[in-house]
There are 2 protein chains.
Amino acid sequence: MIGRPPVTTHADIEAAAFTLFAHKGFAETTLEDIAQAVGVGRRTIFRYYPSKNDIPWGRFDESLAGFRETLQRMPAELPVFDAVHQGVIEFNRFDDAVLSQHRERMSLILRTPELQAHSALRYEQWRKVIADYVAMRTGHYAASSLPVTAGHVGLALALSAYESWLSDENGSLTESLSRSFSELGTLMGRHG
Amino acid sequence: MIGRPPVTTHADIEAAAFTLFAHKGFAETTLEDIAQAVGVGRRTIFRYYPSKNDIPWGRFDESLAGFRETLQRMPAELPVFDAVHQGVIEFNRFDDAVLSQHRERMSLILRTPELQAHSALRYEQWRKVIADYVAMRTGHYAASSLPVTAGHVGLALALSAYESWLSDENGSLTESLSRSFSELGTLMGRHG
DNA sequence: CAGACTAATGGCACTCAGCGCCAAAGGTCA
DNA sequence: TGACCTTTGGCGCTGAGTGCCATTAGTCTG
């Protein structure tokens with residue numbers, strides 16, 4: 001490797017940051033605190049994350065690519081809606097080992113106002129993945145109304161499922177997601 | 001009226017702000033700029049709006065109360081989903097005179113990254129109005145899964161409709177909203 | 001009319017996120 | 001050893017947001 005070697009990693013920073021966030025709260029933790037905990041200059045943190053709000057999201061971009069592939073793998077025989085449904089569930093399957101970290105991460109993201117706000121920008125990319133898939137399946141342009149709506153609705157159901165999952169100590173994320181998708185049927189008059 | 005009279009109003013500030021935003025862009029307009037345009041101290045702006053990001057939303061809280069009432073007025077014979085559908089449409093009906101301002105406002109909100117992010121906090125209250133209504137209609141608690149999902153989905157459809165409306169110079173907002181709601185049926189297998 | 005009272009104002013000083021700039025550090029390679 | 005390259009991190013700045021408090025401009029009472 002050419003040039004000065006990095007003195008830290010994304011993982012290092014996240015670890016230090018999550019500890020501090022849990023300890024003092026997100027807003028009360030300054031970037032200076034984090035930099036100090038990592039043993040690095042404040043300026044360097046910005047070389048790893050564009051903003052403080054981005055730290056809890058970690059390497060989200062990379063995981064988005066996985067979501068895209070997951071959807072691509074869904075069988076074409078499955079109706080679009082069910083394919084998205086299954087794709088979302090598949091994408092949100094985690095090993096028990098990782099699950100508790102994921103829960104902590106999502107709890108921070110979904111319950112900290114600053115992060116709730118910032119997350120809208122991340123969700124946009126997530127919706128785009130669904131919109132692209134639906135566009136491909138239906139032959140519409142990805143920017144046209146139907147795929148865009150599909151993206152919004154998919155996100156809506158996922159967020160609702162996450163909230164429900166986080167509020168219930170013992171629930172399963174997969175089940176929460178399934179429930180959201182089936183509730184949509186309920187709402188649309190398959191009874192209630 | 002007791003005490004020193006206010007030297008400005010929300011309307012004054014919004015007018016000055018929107019002009020500047022249109023002229024220089026949102027990010028490039030400082031609160032100092034706005035304060036100067038209004039002829040008021042920077043500190044005073046914060047007495048009218050909690051943050052720069054709140055200015056474009058105007059008096060959103062008050063309009064939420066109207067949304068709540070609109071939903072309450074929906075006939076009980078209407079299935080919940082349709083009641084929400086009609087309520088959202090009703091709430092987003094504007095006179096031609098106001099419509100162009102509304103369009104400008106929503107264009108700013110939905111196309112400025114900082115504001116997209118911030119808006120998530122406003123949407124939360126909007127979703128709650130739907131959740132409360134659905135809770136009342138179905139007998140669930142407002143915090144339980146079904147009403148929460150309804151809130152998310154309602155917002156999803158409204159946002160999709162707004163995006164579509166803004167991207168088409170000549171479209172009608174009411175029609176865009178109707179289209180979103182019917183697209184949901186399409187997605188769920190009433191064909192496509 | 002004078003003086004008490006009240007609420008809005010706005011200046012000041014401060015914290016913190018974020019960014020541009022640039023010299024220094026710490027590696028690799030010929 | 002010295003050229004080369006990339007990361008680091010310090011410095012200084014801008015701008016949002018906040019707490020504090022004296023000032024201002026009204027109303028109300030005697």
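Each value in this text was obtained by applying a stated rule to the coordinates, not by laboratory testing. In this text the structure is predicted, and so the values were computed from the model without any measurement. As a convention, Cβ positions derive from the backbone with ideal geometry for all residues, glycine included, and neighbour counts pool all protein chains shown.
For the options A:ALA97, A:ALA120, A:ALA17, a Gaussian network treatment of chain A with springs between C-alpha atoms closer than 10 Å singles out A:ALA97 as fluctuating the most.
Note on A:70-81: average number of Cβ atoms from other chains within 10 Å of each residue's Cβ is 1.
Taking the number of Cβ atoms within 10 Å of each Cβ as an exposure proxy, the fewest-first ranking of B:MET188, A:MET1 is A:MET1, B:MET188. What is the Cα centroid distance between the stretch A:18-35 and the stretch B:159-183, reported in whole angstrom? That distance is 42 Å. Largest GNM mean-square fluctuation across B:LEU20, B:LEU173, B:LEU108, computed for chain B with C-alpha springs under 10 Å, falls on B:LEU20. Among the residues of B:112-119, the average count of other protein chain beta-carbon atoms within 10 Å of the residue beta-carbon is 4.
Within chain B, the selection of entire DSSP H helices by a Cα span of 20 Å or greater along the long axis and an average Kyte-Doolittle value of at least -0.5 returns B:10-24, B:96-111, B:145-167.
Along the Cα-to-Cβ line of B:GLN125, 7 Å from the Cα, sits a label point; which residues in the stretch A:111-147 have backbone N less than 20 Å from it? Within reach of a label on B:GLN125, which here means backbone N under 20 Å from a point 7 Å along Cα→Cβ, the stretch A:111-147 contributes A:111-120. Here the stretch B:1-52 is treated as a Stokes sphere of Kirkwood radius computed over C-alpha pairs; at 10 °C and 1.306 mPa s its diffusion coefficient rounds to 140 µm²/s. Report the local net charge at A:TRP165: Lys and Arg +1, Asp and Glu -1, summed over other residues whose C-beta lies under 11 Å from its C-beta. Counting the neighbours of A:TRP165, the net charge comes to -2. Computed from label points 7 Å out along Cα-Cβ, the spacing between A:THR30 and B:GLU69 is 4.8 nm. Look at the stretch A:158-168: the mean tally of other chain Cβ atoms within 10 Å of its residues' Cβ atoms is 4. Cβ-to-Cβ counts within 10 Å put B:ARG42, B:ARG127, B:ARG59 in ascending order as B:ARG59, B:ARG42, B:ARG127, the fewest first.
If the segment from B:ASP168 to B:LEU110 were pulled out straight at 0.36 nm per residue, it would be longer than the present Cα-Cα gap by 19.5 nm.
For A:LYS52, a cut-off of 23 angstrom between C-alpha atoms picks up these lysines, skipping any fewer than 8 places away in its own chain: A:LYS24, B:LYS52.
Along the axis of the charge dipole computed for the stretch A:59-190 (Cβ charges of +1 for Lys and Arg, -1 for Asp and Glu, origin at the Cα centre), the listed residues A:SER180, A:TYR141, A:SER63 are led at the positive end by A:TYR141.
A convex hull fitted to the Cα coordinates of chain B yields 160 cubic angstrom per residue. Normalise the Debye intensity by I(0) for the protein assembly as shown, one equal point scatterer per Cα, no solvent, then take log10 at q = 0.06, 0.15 Å⁻¹ and round to two decimals. So the normalised log intensities work out to -0.27, -1.47.
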